[in-house]
Structure formats: structure tokens, C-alpha cells
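The values are calculated or read from the model by the stated rules, or taken from the named source; none is laboratory data. These numbers were taken from a predicted model, which means no experiment stands behind them. For neighbour counting, all protein chains shown are included, and Cβ atoms are generated from backbone atoms with ideal geometry for every residue, glycine included.
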Amino acid sequence: MKYFTRPRVKREYRWRGKPLSFNRKLKTYDYGSLVISVEGLPRPTIIIPEQHILIEGDDEDNPYVAKVIRLFGDESGEQMKAVVQWFVRVSEVPLSKLKLLGREPHPQEIFHYQGRICDDEVNVESILRPVQVKHLDSATPFPNSDDKDTMYVKLSWDSKAFRVVDSALVESACEPASPSSQLPHAVSGVETESLHSATKLSASKCLSTKRRNLATRTPGVCKKLELHTPEKKSIIGEDVVSQLLDKELDSKVMLAHRLSSSPPQPHPVTHRLTPINKAHRSPVTQGTIRLKPSTIALNRLPPSKMNRPLLSARENSTRATNPSQRKEPQTIKDEDPALDVIAEEDSKSSPVLLVAATLRSSQRKSALLVSSRIRKQLNLLDNQQDLNSDGEDEDEFVPSQKELNGCSEEDEDDGEEEAGLDSEEEILVKKGRGTTAVFRTPRSKQKTHSLTRTPRKNPNKKQIMPGTPRTPHQATPSIPCRSLPTRQPANILEEARARLHVSSVPESLPCREQEFQDIYSFVESKIIDGTGGCMYISGVPGTGKTATVHEVMRCLQHAADVDEIPTFHFIEINGMKMTDPHQAYVQILQNLTGQKATPDHAAALLDKRFNNPAPRKQTTVLLVDELDLLWTRKQNVMYNLFDWPTQRHARLVVLTIANTMDLPERIMINRVASRLGLTRMSFQPYSFKQLQQIIMSRLNKVKAFEEDALQLVSRKVAALSGDARRCLDICRRATEICEHSTTNPSATGLVGMSHVMEALNEMFSSAYITAIKCASMQEQLFLRAVIAEFRRLGLEEATFQQVFVQHQALCRLEGLQPISVSEGLAVCQRLGACRLLLLEPSRLGVLQRVRLNVSQDDVLYALKAD
Amino acid sequence: MSKRKVKDVHRPIGECITQVQQILRERFCHQQLPDRPEGLEAQYKHLLELLRRSAIQGESNSVLIVGPRGAGKTMLLQCVLRDLLQEKEAQKNLLQVHLNGLLQTDDRIALKEITRQLNLENVVGDKVFVSVQTEYYEQILENKTAEKSPGDRSSSRPVLFVLDEFDLFAHHKNQTLLYNLFDVSQSAQTPVAVVGVTCRLDVLELLEKRVKSRFSHRQIHLLSSFGFSEYLQTVRTQLSLPDDFTDRGFAQDWNSSIQTLCEDKSVEEALQRHFNSSKDFRSLHMLLMLCLSRVSVSKPSIKPADLLDASRLCLCDAKANMLHGLSILELCLIIAMKHLNDVYEGEPFNLQMVHNEFKKFLQRKSNSMYNFEQPVVMKAFEHLQQLELIRPVDGSSAKTQREFQLMRLMLDHSQIMEALQKYPQCPTDVKQWAMSAFG
């Protein structure tokens, strides 16, 4: 079902009724409801406060979701506004934050937005239409429905973390009088929910429900209705609608259950709910309302209003999907003797369960934690929890936790495992049924409802359900996890080595305080002002540019977490990690919204996003690493990157990093350089003192180096490049050398001068001289011949033929047998492969020209020392 | 004593020879790994430690193995890997990716290959093949972290990248692959160990500065610094039969014959000559292989003469050998070219000049030769060009007539003279013409 979102037809907005109140200060009138009449639709849509609506946004397919708090207009009646409470869609949450969720978000999931700084006043013209929002318990699975008109709220999002949202926040206000009073029998949450919407008599609901009604009308409706309401023959129209809805949902969820419970059960256990009074128990067999698993999704209605369906722990059909419900039975006071029977049965089977529980709990600590927390909560509600339930409680809860975590494979395993348990349990259930119906008290003790479980086969139901394929697991390639854990560093040298690895992120970045401060204040001011800007950072490799920016971002993120500054997005792209500069758009878009698009499309979307005003916009901080790689002939990528921050509504801060200081002048055309602006910063290579400090701070009191050794390393590196990476690598190598050389017991175990010297030699000394020393006799002679020929010619280049003449002469001089031309060519090629000589392509044979790649002095030195 | 031993001794000689051939061929041709890398203990230890740390402690490392061809770079790496994988802990963890610069000629091919070797293709599916142009560095190299918390150094399996012919990877556009590999190795992502194998000593100068900065600058140099005595020892061990050879008696005979072979003066000289020429083990294997192929049932040991023959075969000049197969006319043309080269000091010549020179020789000195038709001479000339004994000067285009196309001789004087000495039934006047200073 597609939204008919954009008002392609004329829409008219007007207030309905008289203003409720008048605010003298602001000169605004509050209204009770708003009428939206759309051309072509017979009935206008009515919006009243506390209703959930869709608001036009950037993305036509995913309009914003909000709840109306207040409707008001100004005196003249020109301005019609609404104050709303925002909800955030999955697509609006930054991808990086979605991970906090710890599971796959449901496409129809929305989050109650609790962030700050967000304009909650909208023009009523932007309101599209009402939408249904349902609150779900955080542990409840999503109903398997593809109905696009229903959103589900589980959690709230304050731009930093997800929290469990109070159901009252979402739904309470729109709850009319208790639905249970309208339905004589206990009904599921779905029914109450849809009922209330029906009783609200809002035109919009009618519209939407009617539409759905048409879509879902099936031949089985009448029969179904009869079954549903045995005691009440007269059903008002809205009820029909709601129950139809119910049924639709029902079938889908049943299906989900079928999928989740592994082998098809020959006698599936179906449950019926009846009110507690015994009078209702007699008609049970002909027409009770079957408690459908789907209803579980809705069981988060406040307990006081909800006719909570209570299911036995052993119930088969619900077990995989609804853990929150499963744990219920244990927490409930056993009032009925029948239950005691079951409890006894329970204790018999408990060893098995306990084993399973411990097995699983050892697998997943987080699950344990959560379950224990829930148990604590339940303890508050109900003290009469027996020991048995403990184990089972855990047992029941764990799988759901896994489900949340999206560990599909493990799940399947568990599914099978538990299916085995289930069959045992099923027998128990049957026994229980044989004696008497089971009564349970729900958590809320004012209202007591019972449930009667009767296992019943319902083939019709099964036939209706088509097989829905499992939603494909998101395909991201990943390296498998290691099967064995890593070994921890054993001694002080290993510890030092681990700390000195470039990848280990230090607690703080020493020696870049000034730069840190500059970048921090730059970005912070932009975020606070809600403006945009560019900054260019340059410096040779290994001077901490990227690390400093990341550090700034960490600090800003922290500041945002503690509400010092508004929240912001941080996106990072790296020119080196893209095959094509235009991929930058794709990556930015993907990081920003999670969408995938072709470069052109992505550029268009980003352009739209940054150029148009939108409610609820956060500042975006974009880090562009290796900027010079984004160069294209027309430079349009760079142009766009620097142009967006200058847009009024963009709120984009761009930090660019490259190696050369004069990059803007060198490669950028004027209009690009001008947009980049003059906010530049250059990172100087580290001085030896800074390098020393860096190593010291990394080592952090792990005493592995002698003072002098550190100084030597840092002085050497500072003199050569000032590259901190090099410095760390040398130190690591020195620890290795030290480790291998500590065979003699007299050594202190510290890395000393000699080790560092060795490491330095290894890394900095050129191998040419040793290579020449180790070359074979003929190769050495050939090098000498080359030099002799160069001297003769007075040039730095000669053909092989010329050199070979010299070579023959030298051979005779040395008393060696002269070699053949092919052999000489082979010698020459070998030297060329090592790049001691530079050669022309070998097909030229004797005519190829030869050059030395080393200085003549080096060659002579190496040969003389021989 | 025991019956079995007696039985052993009486193995038929043919069977023994077959086994000898098999064992030694495995050594020379299949690059069978030695038990321990001789003379490379320090490098072996260094590399083994490094890779072990990557495999077991999840430490990221990068290292280059540099050394001339045939110095044992790959042998060292394979030995290290073999010994590393014997440790259970490493074997379970380590994933390997082997790339070769000659095969993976650009980054896209390399990425495909990485995906294939890491068995990620089933996950990425046809995406890799459909839209390779969209970058998959993120997915293949970085993905590993995407799903995990930053402290995942300990959780994901280490990957060993072996880049053979490392220098060729440095010629890829922007060195993207190297940048990404080294970047991963320097950041707290999936532990990777990047081992580059190359024979270029200046390989670091090929790296772009930001790539270079990310490389750890560890280089393991394999410079064959051994002397002749070690070389001789290697020859002996390479030819010797192992102790567990089925026929003990035969093995003892064989080994003692090898011993005497190596002590032979002429053999030592020949080996010395080889050693002087190159310390490459591959060329040594070639030489020994030639000796081995002469071993048969009738001649169950390697004689010094075999080795000398093989050595002569290895060292002989390829071009001079080719001259032996030429006709007298072609040889005469070559000699004419040599004289032209002498006169004009290496300036290029064309067919007409060569033919004129040849005709001069015929008029003045020759009594055994007679003139050939122009087309015949032309044909001979073209044959020489096909053999690449002469090649056209680069600049001269194909537009010029073939007779006037400028050519250069690809032979050295010594090669021509050597060939003439050995040429069967070469007319004396031709020989004299060749040896005379001026045509």
C-alpha cells in the first residue's frame, strides 16, 4: 500500500468549530480540531490533538511522523500552526547510532524523539494525514505486518541513546474510555486498540480503516465474526472493522509462529481467553475468542486498561515470539489448584530446563543481565515467585534476547533445542487441561481475568496462511570471528609493544594541544551557531592530523552527550578509499541517511538536502581525508563539498585534510579555492621532544625503555621526517630485538641503546651497499666495468656492448675465465632486477643502455671493503 | 642378521634409480621446502615471530622481504608458514590471502581475488561482479569493523596478505590497495599481516609518501652472503640421498659417489665458475637437473664429466648457438654487417649496404662463393631479422622500402668469431674475411 503523500490535488485546511481559548500574550487561538478536505475525497480528514500525523518532509516516501499536541492559529486566521511531538523514523537515525539498537530495526519502527533543539511548531499545511502509531513493549516482537499505515514505537531516541519509552507517552492520551467496557469479553490488545480508534469516530480513521477493510475482505469474515463474539450478536460497524483488522494481523502473526516453531505440531495448542467468571467458561468450546499470538504485540497497553492475555509458560505457539508473555506464568500468584498441578509438573521437568538455561545463559551474558533485571522488576510485583520459575524465567527470556540481537543462526539451533522441550511441555499442558481450566491472575490485581487453554486443531487457519519468506539477512561480508581468543601480553616488553602499536588509541594526544583547541573551537562554534564552514588542515604524513580531528570529534560527541552542545552527525570519507572521486557523494549520502544511490543521484539528493530548509536539522560535520584524491578535471566534487557549507540551511562543517600546504593554490581553480576559505591549519612535523613525549605518554609508566634510547629514537626520527608512526615502529622493533637478545642473564631487560641502534640501522640504512657486497663475483665485476666505462666515456650511460668489452678485460685482469655474452646479459639483468642498475627493456639485447642506480662512490666503497 | 635387511640390499637397481630420480627431481623442480632454511636463521626467526604475533595476539604488522631473485624469499616465507601452521592456535585463526603482482594487475582484480580467497563472495554474491566499480574497499577491508565495536582487535580472525612481486602493486593507480592494506594494519581494525615479497631494493621509494608512512618499514633482506664452501656444501646436500632411503646400500654408494664428485678438481672449478656468475639457487638446480638426467641404470652415478657437460650446456652462448644453424649466405651477411659496424662505428646499416659489402668480398677474395640474386639475399636478410639477430632501428618507420630500412646488429664480435670457429665446413676464405681487420 503506497501513501498518497504529496498533495497533488488541492487541499484545504480549516479549523473546525470555535476556538477553545485565546492566548492574550501571543495573540493566538487554540482550536480543538482541524479539517483537511481534499478534492476528490468525499469526506474531509479531521485532525485533533493527541492524534498521530504524517508531516511532509524531504523524503516523499517517508514523511515525518509526529503527534499533535496543540492546534492554534493567529488572530487574522492566516497562520495555522500545530505544536507537535516528533517521532523519528529508522531512516532518520544516523546509521552509526542504529548499532546502539543492537538489532535490526523494523521498517515501520519509529522512535519517540526526545532530543532537544528541534522546532516543534509546524504549519498545518505540511500535515499530510493521520497515521496509526502503536506502542509495543520493548521485548515484544513486531507484528509481521506489511501494513504501511501503522507505525510501532518501542523506544525513545534522544539523539544519543535508545530508551524504553513509557507507553503512556505514546498512547495514553489518545485512549478513550476503557475499551473493555465496550466489549463484554476479554479481547486482545489489537481489538482494544482498533476499537478505541473506531470509537473515537475520527473521520480520518474511518477513511483509513475503510480502505483497509476493502483490501482485507475475505469470504471467511462472517464466520469469523461469529466465532469472535458468541455472546454479542449485534456488532457495531466499527467493531467489524476492528475485528477484521484483527484477523488480518492475526493470520500474519500466526504465520510467523509457524515459521518460528520448528516442526509442525500435529496438535497445535490454541488458547482461548475467557473472563474469569465461570459463567463464561461453559461456551468456551463453541466460540471462544482464540487468543492469537498477534495480540501479543499489543499487550503493552497499560495494565489497568488491558485485558491482559495470560498464557501458560508451556504454550507452544507463542513461545518463540513472545518472551515477555512467557515469563508471566511464573510470576503469577497461584490461586487456582489447577495451577498447582502444573507447578508440580514444572518442578519435575525443571532439571532439564535448568540445564538448558545455564547452557544458554553462559552463552550470552547480556541476556542474563537483562533477564535478571526483569526478574527484579517482577519480584516487586509479585513476591511469590518460586525457585523453579527462576530457572525457567531465564530460559524463556534468553531466546528473545537473541532474537533482538539478530543472531539468526544461533536462534535456529535454539529453536530446535526448545522444540524438543516443547513436546514435553505439551504433554504437561494436556494433562493440565484434563483436570480443569487454568486460571491466572494478571499483574494488575484489580481486574482478574482467566484464560482457558484448549488445545485445538484448526486446519482452516493453517490453510489461510501462506508461507512468507524470511526477510533476507542483510548481506554484509565480514571476516569470520576467530575461533581462539587472542593471547594477552605476557611480559613488560610485550605490553610496551602493544601500547606502542600505532593502532592503539591513546587516552589523549600530547603535543597537539594548540591544534586540538583550534579545531575544537572552530567546530564547536559552528555547531552552536548552527552555521557551516570549511577548514583545511595540512601536514606531512604521520603528524597526527586525522588523529587530532578524531579526538576533537570524540570530545564534541561527549559534550553533546552531556548536553553542552547540540547534537551533530559526524561523517568521514577518505579519498584514498574510493575508486572514483564521485563516490564521495554516495558515501556521504549513505552515512547520512543509509540510502544507496548512484553518484549522480546521490549528488542531487545531497544538494536538495543541504539547500532546502527542513525542520529538525542537525549540524553535520564532514571529515574529508586525503582531499587531493578528490580532484577531478572540472573539480565539481570539491566545488560541491565547499559550496554546501555556504548554503544557509546546510549546517554543514567540512574539515579537509591533505599533505601539502599549498594544495588550494596548486590544484584548485579559483572558485573552489575561494569557497574553501582561509581557515587553514598546518601541522608541523614533530620535534624530538614532542616525539619523546608521545612515546612516554603511550608507554604510560610501563618501564621498558632506557631514557637515552628513547631520546636517540626521537632525535633520529625528528631529524629525518618527524613522522610519529616511524618513531613508534622503531620502538616496537627495538623491543623485539631486546626480547631476542636477552638470552644473557646480565641484561636489565630494558630496551637499551644497542637495541635501538640496531633497529634504526635496520630501518634506515640502505641495503644497496650490503647488496653489492653480497653479489656474486661476476656481478661485482660488471659493476666495476660499468664504472670504468662511464669514466672512459665521461657519461653516466653506456650500452651493454660497451660495458661488456670492459667486463671481458676486467675478467682477464682478475684471472677469471671470460664469460659469454648471454651470461653477461644474465648478470646484467640480475643487477637490473635489484635496481642496482637501471636498464632498458631486455629485448634490446646487447644494445640496451645501462645506468647506475647507486652513486659510483657507494659502489667503489662497497667493492673496496670487500 | 635379519632377513629384511638382506632383502633391502637386493633391491633391483632400476627401482633404486627411479626413486633417486623422483627424490632429486622433487628437490630441483618442485621447489620442495628444506627442513630448515639454511643460512637464514635470523630472518626466519624474525618473520616467524612476527607472523606468530599476528596470528595469536592479533597484532597488525607489515613487512617486506627483499632480496635478489633466487635468494630464497618465497622459500623462507613458505617455511615460516609451514611451521606456523603446525601450531594449532595459529592454524585455527589465520586466514591467508596470496596475491601476485603479475596476476593481479590492477586493484579491481586484486579485490576480486581477495574476496574469493576470503570466501566472502557467497555473502557479497554477485555484487562484486556486477558493480565492482563502486568501491568495495569499505566492504572488504573495512567491513570487518563495521559491525563490531572498536575494541575488536581480539575478536576477528587475523588475515595474512602475501603480496608477491610487491613492487608491481605500487604501480596501481593511486596505490589504493596498498594504502588500504597498510591503513588497516595501522588502525584498530581486523588484525592483518601484510607480507610483501620483492626483489627490488628501492621498493620503498616507489611508495607514495602517505602509503610509505603507513608502512612499518620492517624489511627483511635476504642477501646471499655465503661463500664458495657453503655453496659446495649445498650442492652436496642437494644431491645426497636421505637416510631413510629404502635401499641402504645403494644410498651409501650414491652418497659416497657424490662425495668424490664434489672433491673432484675439475668439478670444483666448474662449480666455482657457476658460483662466480651467480649465487642464484635456481640456476644451480638447473645445472644439477641436467646432471641428474644423465643417470640411468647402466650409469648409476653422476660422473665429473656429466657435470662438466651440463655446465658447458648452461654457460654456452645462446646467440652463438643460433649462428650455427645459419646458411653460408646468412653467415656471410652477418660478417658483412660486422665489417660495416667496424667501419662506421656502430652506425645502422640497410640491406643495400650489406649486399654491396658482400659483393665487394666476392669480387676481391672469394673463389669458392658466387653471387646470389637480390631476392635471395633479401630473403636471407629477412630470416636474420626473424631470428632477431638484427633489428630495425626504432625511429625508422615501416614506410621506407625494405632494402633501405636501417638495421642494427644484435651480436657482439666475440659471438660471431666463436660461431665461426665451430661452424661445420666453413669455407676458409669466409673465415679469413671475417678475421681480417677491414673488409
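General observations
- Residue identified as touching a residue at least 24 places away in the same chain (Cβ under 8 Å), over 22 Å from residue B:342 (Cα atoms), assigned to a helix (DSSP H, G or I) and basic (Lys, Arg) among A:812, A:791, A:784: A:784
- Qualifying residue in the range A:772-783 (condition: on the phi > 0 side of the Ramachandran plot and more than 13 Å from every other protein chain (Cβ to nearest Cβ)): no
- Condition met for residue B:270 (away from chain A (no Cβ under 14 Å) and not polar (S, T, N, Q)): no
- Residue in the range A:700-711 that is away from chain B (no Cβ under 14 Å) and closer than 22 Å to residue A:545 by Cβ present: no
- Test: residue in the range A:837-857 that is within 27 Å of residue B:271 (Cβ to Cβ), crowded, with 20+ Cβ neighbours inside 10 Å, touching a Gly at 6+ places or on another chain (Cβ under 9 Å) and not small (Gly, Ala, Ser): no
- Selected residue (criterion: nearest to residue A:624 (Cα to Cα)) from residues of the range A:547-570 that are surrounded by 20 or more Cβ atoms within 10 Å (Cβ to Cβ) and β-branched (Val, Ile, Thr): A:549
- Tabulated pairs, the range A:12-28, first more than 14 Å from residue A:71 (Cα to Cα), second surrounded by 14 or more Cβ atoms within 10 Å (Cβ to Cβ), C-beta under 7 angstrom, 6+ apart or interchain: A:12/A:37
- Among the numbered conditions (1) at pLDDT below 85; (2) away from every other protein chain (no Cβ under 14 Å), the only one that residue A:672 does not meet is (1).
- Flag for residue A:596 being of a type in the set (D, E, K, R) and within 15 Å of residue A:650 (Cβ to Cβ): no
- Among the residues of this structure, residue A:569 counts as one that is closer than 24 Å to residue A:636 by Cα and outside any helix (DSSP H, G or I).
- Scope the range B:251-296; condition free of Cβ contacts under 8 Å to residues at least 60 places away in the same chain, surrounded by 19 or more Cβ atoms within 10 Å (Cβ to Cβ) and hydroxyl-bearing (Ser, Thr, Tyr); matching residues: B:277
- Considering (1) away from every other protein chain (no Cβ under 11 Å); (2) more than 27 Å from residue A:769 (Cβ to Cβ), the lone condition that residue B:101 does not fulfil carries the number (2).
- Within the range B:317-364, being crowded, with 19+ Cβ neighbours inside 10 Å, more than 38 Å from the chain's Cα centre (by Cα) and either hydroxyl-bearing (Ser, Thr, Tyr) or over 19 Å from residue B:429 (Cβ atoms) (or both) holds for one residue alone: B:353.
- Residue check, residue A:758 within 8 Å of chain B (Cβ to nearest Cβ) and within 24 Å of residue B:62 (Cβ to Cβ): no
- If the condition is being within 11 Å of chain B (Cβ to nearest Cβ), in a helix (DSSP H, G or I) and of a type outside the set (Gly, Ala, Ser), then the range A:523-553 contributes A:545, A:546, A:550.
- Among the criteria (1) assigned to a loop (DSSP other than H, G, I, E, B); (2) surrounded by fewer than 21 Cβ atoms within 10 Å (Cβ to Cβ); (3) touching a residue at least 40 places away in the same chain (Cβ under 8 Å), the one residue A:819 does not fulfil is (2).
- Check on residue B:200, touching a residue at least 12 places away in the same chain (Cβ under 8 Å), out of contact with any Lys or Arg (no Cβ under 8 Å at 6 or more places or on another chain) and at the interface with chain A (Cβ under 7 Å from one of its Cβ atoms): no
- Number of the exception - residue A:833 against (1) within 11 Å of chain B (Cβ to nearest Cβ); (2) touching a helix residue (DSSP H, G or I) at 6+ places or on another chain (Cβ under 9 Å): (2)
- Residues satisfying the stated conditions in the range A:646-669, i.e. part of a helix (DSSP H, G or I) and within 14 Å of chain B (Cβ to nearest Cβ): A:663
- Across the range B:183-197, the qualifying residues are those that are under 18 Å from residue A:726 (Cα atoms) and at the interface with chain A (Cβ under 10 Å from one of its Cβ atoms), and the one among them that is surrounded by the most Cβ atoms within 10 Å (Cβ to Cβ) is B:185.
- Residue match in the range B:99-113 (condition: part of a helix (DSSP H, G or I), out of contact with any Cys (no Cβ under 6 Å at 6 or more places or on another chain), among the basic types (Lys, Arg) and modelled with pLDDT of 50 or more): yes
- Members of the range B:375-434 found to be at pLDDT below 85 and on the phi > 0 side of the Ramachandran plot, listed by number: B:425
- Restricting attention to the range B:31-77, the residues that are small (Gly, Ala, Ser) and more than 17 Å from the chain's Cα centre (by Cα) total 7.
- Residue in the range A:542-562 that is closer than 30 Å to residue A:511 by Cβ, of a type outside the set (A, V, I, L, M, F, W, C), in contact with a Gly (Cβ under 6 Å, 6 or more places away or on another chain) and at pLDDT 90 or above present: yes
- Taken over the range A:493-517, the criterion of being part of a helix (DSSP H, G or I), more than 14 Å from chain B (Cβ to nearest Cβ) and surrounded by 17 or more Cβ atoms within 10 Å (Cβ to Cβ) is satisfied by A:515, A:516.
Conditions (1) out of contact with any helix residue (DSSP H, G or I) (no Cβ under 8 Å at 6 or more places or on another chain); (2) outside any helix (DSSP H, G or I), marked per residue:
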| position | (1), (2) |
| --- | --- |
| B:335 | no, no |
| B:354 | no, no |
| B:363 | yes, no |
| B:370 | no, yes |
| B:378 | no, no |
| B:383 | no, no |
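- The requirement of being assigned to a helix (DSSP H, G or I), more than 14 Å from chain A (Cβ to nearest Cβ) and out of contact with any Cys (no Cβ under 8 Å at 6 or more places or on another chain) is not satisfied by residue B:323.
- Contact map, the range B:56-68: residues that are more than 7 Å from chain A (Cβ to nearest Cβ) and in contact (Cβ under 8 Å) with a residue 40 or more places away in the chain paired with residues that are assigned to a strand (DSSP E or B) and polar (S, T, N, Q), Cβ distance under 6 Å, separation 6+ or inter-chain. Pairs shown: B:64/B:219.
- In the set A:666, A:671, A:651, only one residue is among the basic types (Lys, Arg), over 16 Å from residue A:545 (Cβ atoms) and free of Cβ contacts under 8 Å to residues at least 12 places away in the same chain; that residue is A:666.
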